[in-house]
1. Restricting to segment 116-172, name every residue that is without any contact (Cβ under 8 Å) to a residue 60 or more places away in the chain, surrounded by 13 or more Cβ atoms within 10 Å (Cβ to Cβ) and part of a helix (DSSP H, G or I).
2. Name, by its number, the condition in (1) hydroxyl-bearing (Ser, Thr, Tyr); (2) in contact with a helix residue (DSSP H, G or I) (Cβ under 7 Å, 6 or more places away or on another chain); (3) farther than 16 Å from Leu59 by Cα that does not hold for Ser93.
3. Please go through segment 173-199 and pick out each residue that is surrounded by 19 or more Cβ atoms within 10 Å (Cβ to Cβ), in contact with a Phe, Trp or Tyr (Cβ under 9 Å, 6 or more places away or on another chain) and among the small types (Gly, Ala, Ser).
4. For Ala105, work out the one condition from (1) over 14 Å from Leu197 (Cα atoms); (2) in contact with a strand residue (DSSP E or B) (Cβ under 6 Å, 6 or more places away or on another chain); (3) not in a helix (DSSP H, G or I) it doesn't fulfil.
5. State the number of residues belonging to segment 1-20 that are loosely packed, with under 15 Cβ neighbours inside 10 Å, within 14 Å of the ligand (Cβ to nearest atom) and in a loop (DSSP other than H, G, I, E, B).
6. Residues in segment 98-112: is at least one within 21 Å of Leu35 (Cβ to Cβ), buried (at least 18 other Cβ atoms within 10 Å of the Cβ) and more than 16 Å from the ligand (Cβ to nearest atom)?
7. In segment 44-63, how many residues are away from the ligand (no atom under 16 Å from the Cβ) and outside any loop (DSSP other than H, G, I, E, B)?
Amino acid sequence: MKIFCVGRNYAEHAKELGNAVPDEPIIFSKPPTALLKDGAPFYLPDFSEDIHHEAEIVLRVAKNGKHIEPKFAHKYFDHLTIGIDFTARDLQSKLKAKGHPWEIAKGFDGSAPVGQFVALNTLPPVNNIEFTLLKNGEPVQKGNTANLLFSFDVLIAYISKFFTLQQGDLIFTGTPQGVGRVHIGDHLEGYIGDHKLLDCKIL
Ligand code: ZN
């Protein structure tokens, strides 16, 4: 199982971190040991003083494919959920400044919690999915897939040029604005529409 992530896929988030809007998708990956499922808690690692939540829609790949054309891409995912791309922002900033890969700032153990997956046919159209992250009961991130810079179909086509997509692979599709630091004791809850799908305590 592979975990792909997309950087800067919402213009307002690129802006809040002072980044330019990309002209091609920015793809990175996390190892399978990053995955956190079934409401498992996230333990703050000791190598960072600034772990940020990035709430994102996560696609689950339904079948194997390579060089998928955008017009067929919708056949390659049939479930999605909300997940968090936890990021050690302090490490990432240092690595970015040196032009180094940011793997350790993004792919560490437990950095990819995912909620319960739901079938696409129970959801609004994929280009109009609202999602919300609550921190300690207060909304901190709100997104709508209508604002994606690169649509799910474009992402699937782009990623599959370089990597064979396999059934069960996950794609974190980028975070909207409102990213911020988490602390011990925080409680994160992720919603798609009115449905709570993700629960993650910070320990
Ligand atoms: Zn992200």
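Every read-out reported here was derived from the displayed coordinates using simple, explicitly stated rules and does not represent laboratory data. Keep in mind the model is a prediction, meaning the values are calculated, not measured. Cβ atoms come from the backbone with ideal geometry, glycine included; neighbour counts cover every protein chain shown.
1. Correct list: Leu120 only.
2. So the condition that Ser93 fails would be (2).
3. Listed by number, the residues that qualify are Gly174, Gly190.
4. (3)
5. Total satisfying the criteria: 1.
6. No, the conditions are met nowhere in segment 98-112.
7. Filtering segment 44-63 down to residues away from the ligand (no atom under 16 Å from the Cβ) leaves 44-47, 49, 60-63.
After this cut, where a residue has to be outside any loop (DSSP other than H, G, I, E, B) as well, the list is 60-61.
Count: 2.
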